[in-house]
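Worksheet for the structure shown next.
The values are calculated or read from the model by the stated rules, or taken from the named source; none is laboratory data. Just so we're clear, the structure is a prediction, and the values are computed from it rather than from any experiment. In this analysis, Cβ positions are derived from the backbone assuming ideal geometry, glycine residues included, and neighbour counts consider all displayed protein chains.
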Amino acid sequence: MPSSRALCVSLALLLLVSVSCSYATSRLSSGRVSAKPPLSQAERLIRSLNLFPNKPVNIIKGDVADFVPGKIVEKKFSFLGDSGPSIEDLGHHAGYYSLPHSKAARMFYFFFESRNKKDDPVVIWLTGGPGCASELALFYENGPFHIANDSSLTWNDYGWDQASNIIFVDQPTGTGFSYSSDESDIPHDEVGVSNDLYDFLQEFFKAHSNFIKNDFYITGESYAGHYIPALASRINQANKKNEGLHINLKGFAIGNGLTNPAIQYPAYNDFALDNGVIRKEDYDDIKKLIPGCEQAAKTCDAQGGQSCETALETCENIFNSITTIAGNINVYDIRKQCVGSLCYDFGNVEILLSQQQVKSALGVPNDLQFVSCSSRVHDAFEEDLMRNLEVGIPSLLEDGIKMLVYAGDKDLICNWLGNSRWVHAMEWSGQKSFGTSPTVKFVVDGVEAGSLNSYGPLSFLKVRDAGHLVPMDQPKAALEMLKSWMAGNLK
């Protein structure tokens, strides 16, 4: 979520936000300028979530002695003590995967088997940022548990493990409990991200071969609008070439994502006017910034490198102009105001995951600290933020792989309007038919929960009364969305 430069956190939270979808994560903060030395966009994001990681990134010097490339070390665990099912019956796993194309990077993950059926689809969730940990979604959105103020856990009735076998990954390297001994292991673009995740999934399915035939879906939010298309393309191309284990990829879902910045940045102005965030005279002034943003974004896609940083700075002027006028509005949910720099309070996850008994249960080294959102990882993606990740999606649709784009209607940072525009502008064989498809009500338990357009493998869902974090704001609707979409009944 961007700051003046932006992170799209899914905030995941995303995940995972200065105020730009491309930075969705970096701008959970208010956007006002302090008289003190200014914080970076990543630092503003972290503070706006009431998170205070002790380190900017998990780099553990000298920790290479036992590094075995391509190895998974996993253990079963229980957060429930003696009050729930046995560890064996629960099917909750945590582990590390040693990335083979690294010097010493270890990727941490959770795997929760379905509470329903083991032949439910396997789903991977990617939190945004870039640089925010999957535990933010796990404990505040769609994981099996919710975390209380005393750091105790309760079952989440609408956790996505009700309908899937779900994986939460701390990535890129340096995020959450993932770590390395060498800072060069931090990826800086979607090639690095997708290769690391593909390598992980190959070894994961070898370790859990009983799930290899299950349908597989990629999901996430915010900056995962970059990660998800890249990983889907990586898997699809490998399957076509008979490379490695065949992963049964059926679809991917992007929630309030940053995918095509050249289209999504100009949409800020229209969304802000339509929702009363700015006035018509403000709109007219900000509109003058749009041509420069669009041209800079095109240059970024053509040339890459430094031109993408220039595009980010240019386009962020649109977002920053809006947030300067809006004051303390919560850019993740325009119905709310931030109190000072605080927009959400996710601090309990840091308290829980700093406890030695918790780290021991998860197989995390005792001296390793949990980095909820990494400013260093965020900075590594500065030239990636403005890249257009929509370009690889048409070939996926033509191969029959489903895509769902969903967005809460109260989110500004990665708003539904910008997402709808890039989806409609995307050139593929079904573009015209999708564009003329009827808008139908998405109904959950007799209540209208959103509006849906769909044609063939493509669906777009505008979720009613939700901000950036749809599974947190509308948990029942989010779970029903996932179930219906995977079953082919989201119509």
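Results, tabulated for the structure shown:
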item: Any helices (runs of 4 or more DSSP H) falling wholly within segment 227-316 and containing at least 1 residues that are out of contact with any Gly (no Cβ under 6 Å at 6 or more places or on another chain) and surrounded by 24 or more Cβ atoms within 10 Å (Cβ to Cβ); result: 261-274, 290-303
item: Long-range neighbours under 6 Å by Cβ, at least six apart or interchain, first residue more than 27 Å from residue 58 (Cβ to Cβ) within segment 376-395, second aliphatic (A, V, I, L, M); result: 390/426
item: Restricting segment 176-227 to residues that are of a type in the set (S, T, N, Q) and over 30 Å from residue 461 (Cα atoms), the residue that is nearest to the chain's Cα centre (by Cα); result: 178
item: Pair list, Cβ < 9 Å and 6+ apart or interchain, from segment 278-296 residues that are within 13 Å of residue 268 (Cα to Cα) to residues that are of a type in the set (Asp, Glu) and at pLDDT 95 or above; result: 283/270; 293/316
item: Hits in segment 421-432 (condition: surrounded by 13 or more Cβ atoms within 10 Å (Cβ to Cβ) and among the small types (Gly, Ala, Ser)); result: 425, 430
item: Filter result for residue 375 (of a type in the set (Ser, Thr, Tyr) and either closer than 19 Å to residue 220 by Cα or surrounded by 23 or more Cβ atoms within 10 Å (Cβ to Cβ) (or both)); result: yes
item: Within segment 119-131, tally of residues that are part of a loop (DSSP other than H, G, I, E, B), touching a helix residue (DSSP H, G or I) at 6+ places or on another chain (Cβ under 7 Å) and of a type outside the set (S, T, N, Q); result: 5
item: Within segment 369-399, considering residues that are among the hydroxyl-bearing types (Ser, Thr, Tyr) and not in a loop (DSSP other than H, G, I, E, B), the one nearest to residue 308 (Cα to Cα); result: 375
item: Filtered residues of segment 342-351 (kept if in a helix (DSSP H, G or I) and buried (at least 20 other Cβ atoms within 10 Å of the Cβ)); result: 349, 350
item: Selection from segment 400-420 of residues that are part of a loop (DSSP other than H, G, I, E, B), of a type in the set (D, E, K, R) and surrounded by fewer than 24 Cβ atoms within 10 Å (Cβ to Cβ); result: 409, 410
item: Test: residue in segment 451-470 that is assigned to a helix (DSSP H, G or I) and touching a helix residue (DSSP H, G or I) at 6+ places or on another chain (Cβ under 7 Å); result: yes
item: Residue identified as modelled with pLDDT of 95 or more, hydroxyl-bearing (Ser, Thr, Tyr), in a loop (DSSP other than H, G, I, E, B) and on the phi < 0 side of the Ramachandran plot among 109, 158, 140, 198; result: 158
item: Candidates 168, 145 - the one that is surrounded by fewer than 21 Cβ atoms within 10 Å (Cβ to Cβ), within 24 Å of residue 374 (Cα to Cα) and in contact with a Leu (Cβ under 6 Å, 6 or more places away or on another chain); result: 145
item: Of all residues making up segment 108-131, the number that are among the hydroxyl-bearing types (Ser, Thr, Tyr) and over 30 Å from residue 58 (Cα atoms); result: 1
item: Residue satisfying condition, being hydrophobic (A, V, I, L, M, F, W, C), modelled with pLDDT under 95, touching an Asp or Glu at 6+ places or on another chain (Cβ under 8 Å) and over 30 Å from residue 393 (Cβ atoms), within set 339, 349; result: 349
item: Tally, over segment 166-186, of residues that are out of contact with any strand residue (DSSP E or B) (no Cβ under 8 Å at 6 or more places or on another chain) and more than 17 Å from residue 70 (Cα to Cα); result: 1
